[in-house]
1. With every protein chain left in place, what is the accessible area of residue 29 in Å² (1.4 Å probe, nearest 10)?
2. Give the shape of region 77-121 as rounded, prolate or oblate, defined through the alpha-carbon gyration tensor: a ≥ b ≥ c are the square roots of its eigenvalues, a/c under 1.5 means rounded, and otherwise the shape is prolate if a/b is larger than b/c and oblate if not.
3. Let me check the size of region 6-118 from its C-alpha atoms; what are the radius of gyration and Dmax in Å?
4. Mind listing the Cα extents of region 1-50 along all three principal axes, in Å, largest one first?
5. Determine the per residue accessible area of region 1-106 with all protein chains present and a 1.4 angstrom probe, expressed in square angstrom.
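The values are calculated or read from the model by the stated rules, or taken from the named source; none is laboratory data. Remember, predicted model here, so these are calculated numbers, not experimental data. We work out accessible area using only protein heavy atoms, side chains counted, and drop any ligands, DNA or RNA first. Shrake-Rupley method; radii C 1.70, N 1.55, O 1.52, S 1.80 Å.
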Amino acid sequence: QVQLVESGGGLVQAGGSLRLSCAASGRTFSVYGMGWFRQAPGKERDFVARISWSGSYADSVKGRFTISRDNAKNTVYLQMNSLKPEDTAVYYCAAGPMLRAGTSAGEYDYWGQGTQVTVSS
């Protein structure tokens, strides 16, 4: 089992920045691929970014968001810059096997409870 706890969400003006953190506990963190997804009201849960040995991103956030991980701290981060109102959503951290954890929510086995990000115009 892996437990994931997100933090760092909040209210920010358009153009601002936030850094989300996801702390993992349980089994060895370094063996997991980690992902960030987001879900806006009435919409499906969408891929944002993932990291195994390197990161990859949804086109909508490429160049603005950066995913990173600190295996010593069992933590994955999502640095979000140049935020837009359309980035408003609940952001979820997820963990899955390193070779399977891709861009689909079904490829992840463990999920955090989510953290709200609201970007005002």
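1. Its heavy atoms expose roughly 10 Å² to the probe.
2. It is prolate, given that a/c is not under 1.5 and a/b is the larger ratio.
3. 12.9, 38
4. Projected onto the principal axes, the Cα atoms of region 1-50 cover 37, 23, 15 Å.
5. Value returned for region 1-106: 50 Å² of accessible area per residue.
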